[in-house]
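K.L.:
Submitted below is the structure of interest, expressed as structure tokens.
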Amino acid sequence: MVVSLDLITGILSFLFTLLVFSYLIGDNPLFRIAVYIFVGVSSGYIAAVAWWQVIWPRLVYPLVFGSMLEKGLMLVPLLGAVLIFMKISPRLAGMSRIAMAFMVGVGAAVTIAGAVAGTLIPQVMGTINAFDLTLASSRNVNLIETLFNGAFVLAGTIFTLTYFHFGARPKADGSMHRMGLIELSAWVGRIFIGITLGAVFAGVYAAALTAFIERIVSLINFIGNFL
Amino acid sequence: MRIFTAVVAIAAGILILGGYFFPAFEGMQALLLNWAVILAGAAALVGIFNLVSVHTDKIRRQEKGSVYSALLLISLVATFLFAMILRPNHATMKIVLSGIIIPVEASLMGLLTISLLYAAVRLLRRRADLTSIIFLVTAALLILGSATLPFGNMPVLGTFVGPWITQVLALGGARGILIGVALGTLTTGLRVLFGADRPYGGN
């Protein structure tokens with residue numbers, strides 16, 4: 001008898017969904033079995049992906065089949081990879097610092113560029129563009145509405161940023177207090193943060209609810225196939 | 001060693017940053033990024049090896065829950081061997097993805113429905129201050145506003161209040177949070193590049 005891959009996938013999917021949903025009656029061995037197998041399977045899969053999609057094509061293949069220049073250039077990451085593997089041994093773990101330092105340096109530079117080009121400039125420009133009357137009129141949006149909404153967005157941005165200002169001077173009695181104006185702005189900022197986190201919560205809840213309904217429907221459909 | 005590691009980190013960072021500003025550095029930037037990707041792949045393998053060694057130790061010491069560790073190791077080794085032989089994109093490997101990984105992830109996400117509701121109720125019980133109330137009222141309004149009724153969106157709540165909260169009030173707060181996070185990231189990155197912070201070891 002030939003068992004189709006779809007049937008195996010369906011049975012596994014059904015079983016693991018049930019095992020995870022068993023958590024609704026409390027933490028239990030069935031839930032733990034599902035989670036431990038999930039961690040094991042994911043780790044094994046990630047390890048194979050790391051080999052086949054990173055180490056093999058970017059390091060091993062050029063080292064074995066590349067030109068002399070490519071082979072020479074790949075000696076550095078090969079040495080780095082060997083140093084990172086030294087982390088496995090407690091005696092040699094210190095040697096991996098060089099490779100870790102390289103990765104931290106690269107990571108820091110990439111995050112600086114990402115923070116400036118990917119977040120700071122677009123967000124500041126977005127706040128400025130909220131007052132763009134030409135853009136608003138081209139979209140047939142009321143000018144007063146544009147200014148009103150833009151003012152709220154600007155206020156929200158500034159007050160929320162003020163909330164993260166932690167500069168404070170000690171008073172004579174030793175207590176720490178922010179300046180009155182900053183304290184007031186931070187208080188308004190808290191309201192904006194509350195609204196923002198509430199919106200994020202609503203979005204995550206909607207996504208979770210969608211996943212929950214999709215899983216329930218898949219369970220019903222699987223049982224329905226055998227009735 | 002301390003100075004050498006700092007020099008490596010700073011030099012790598014400056015060369016990568018240079019690639020964003022000077023076209024002459026672009027080739028070097030691409031090369032260094034490729035090296036970093038390879039090292040990240042190697043670091044992922046070391047991380048998984050560490051997971052294996054921790055659970056092997058648990059089994060060897062016959063600690064509580066070692067049965068689960070054995071299950072983890074068996075599933076890890078089996079998946080790794082099959083994926084190494086067949087390659088991750090093979091049709092048989094899709095069973096692992098579509099039969100185990102995606103359903104478990106989706107089910108865990110589904111469990112959040114209950115956990116988040118429980119957390120919201122607990123928040124109101126434990127800290128019923130202004131911020132908590134605003135947080136929960138906003139969430140409730142937006143969830144109710146997004147509910148689809150047979151005749152369309154919820155009147156007022158779904159057509160005016162909900163969009164105004166998300167597109168104006170929450171947008172302002174989100175911008176403030178994002179700019180704050182970006183400024184923090186920028187500062188941390190610069191501290192690493194100046195050698196003030198050395199998270200790779202070496203004080």
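K.L.:
Go through (1) modelled with pLDDT of 95 or more; (2) more than 9 Å from every other protein chain (Cβ to nearest Cβ) one by one and return the number of the condition residue A:168 breaks.
P.N.:
All conditions are met except number (1).
K.L.:
Let me ask something additional. Please go through region A:13-28 and give me each residue that is surrounded by 12 or more Cβ atoms within 10 Å (Cβ to Cβ) and among the charged types (D, E, K, R), ordered by number.
P.N.:
Matches in region A:13-28: none.
K.L.:
Within region A:123-134, take every residue that is within 11 Å of chain B (Cβ to nearest Cβ) and surrounded by 14 or more Cβ atoms within 10 Å (Cβ to Cβ) and give me the one that is nearest to the chain's Cα centre (by Cα).
P.N.:
A:123
K.L.:
Still on this model: I'd like to verify a number: residues in region B:60-98 that are within 19 Å of residue A:47 (Cβ to Cβ) and assigned to a helix (DSSP H, G or I), how many? Full working, then the answer.
P.N.:
Going through region B:60-98, the residues within 19 Å of residue A:47 (Cβ to Cβ) turn out to be B:69-90, B:92-97.
From what's left, assigned to a helix (DSSP H, G or I): B:69-86, B:93-97.
Qualifying residue count for the region: 23.
K.L.:
Looking for something more than 21 Å from residue A:145 (Cα to Cα) and either modelled with pLDDT of 90 or more or crowded, with 20+ Cβ neighbours inside 10 Å (or both) - is there at least one such residue anywhere in region B:151-173? Working first, answer last.
P.N.:
Taking region B:151-173 first, the residues more than 21 Å from residue A:145 (Cα to Cα) are B:151-154.
Then drop every residue that is not either modelled with pLDDT of 90 or more or crowded, with 20+ Cβ neighbours inside 10 Å (or both), which leaves none.
No; the residues of region B:151-173 include none that is more than 21 Å from residue A:145 (Cα to Cα) and either modelled with pLDDT of 90 or more or crowded, with 20+ Cβ neighbours inside 10 Å (or both).
K.L.:
Can you name the residue in region B:149-203 that is of a type in the set (Phe, Trp, Tyr) and closer than 28 Å to residue A:126 by Cβ and, of all such residues, is nearest to the other protein chains (Cβ to nearest Cβ)? First the steps, then the outcome.
P.N.:
Initially, region B:149-203 is screened for residues of a type in the set (Phe, Trp, Tyr), giving B:151, B:160, B:164, B:194, B:200.
Still in the running and closer than 28 Å to residue A:126 by Cβ: B:160, B:164.
Values: B:160: 12, B:164: 8 Å.
Filtering region B:149-203 for residues that are of a type in the set (Phe, Trp, Tyr) and closer than 28 Å to residue A:126 by Cβ, the one nearest to the other protein chains (Cβ to nearest Cβ) comes out as B:164.
Yes/no per residue for (1) touching an Asp or Glu at 6+ places or on another chain (Cβ under 7 Å); (2) over 30 Å from residue B:28 (Cα atoms); (3) modelled with pLDDT of 90 or more:
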position: A:17; (1), (2), (3): no, yes, yes
position: A:48; (1), (2), (3): no, no, yes
position: A:53; (1), (2), (3): no, no, yes
position: A:57; (1), (2), (3): no, no, yes
position: A:69; (1), (2), (3): no, no, yes
position: A:94; (1), (2), (3): no, no, no
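K.L.:
Would you mind finding the one in A:44, A:10 that is surrounded by fewer than 21 Cβ atoms within 10 Å (Cβ to Cβ), part of a helix (DSSP H, G or I), under 31 Å from the mean Cα position of the chain (by Cα) and of a type in the set (Gly, Ala, Ser)?
P.N.:
A:10
K.L.:
Identify, by number, the condition in (1) surrounded by 14 or more Cβ atoms within 10 Å (Cβ to Cβ); (2) modelled with pLDDT of 95 or more that residue B:81 doesn't meet.
P.N.:
(1)
K.L.:
Residue check: is residue B:53 over 25 Å from residue A:84 (Cα atoms), without any contact (Cβ under 8 Å) to a residue 40 or more places away in the chain and under 26 Å from the mean Cα position of the chain (by Cα)?
P.N.:
So residue B:53 does not fit the description; no.
K.L.:
Examine region A:99-106 for a residue that is more than 7 Å from chain B (Cβ to nearest Cβ) and surrounded by 14 or more Cβ atoms within 10 Å (Cβ to Cβ), and state whether such a residue exists.
P.N.:
Step one: list which residues in region A:99-106 are more than 7 Å from chain B (Cβ to nearest Cβ), which gives none.
Looking for residues that are more than 7 Å from chain B (Cβ to nearest Cβ) and surrounded by 14 or more Cβ atoms within 10 Å (Cβ to Cβ), one finds none in region A:99-106, hence no.
The values are calculated or read from the model by the stated rules, or taken from the named source; none is laboratory data. If you're wondering where the values come from, they're calculated on a predicted model, not measured in any experiment. Cβ coordinates were reconstructed from backbone atoms using ideal geometry, including for glycine residues, and neighbour counts include every protein chain displayed.
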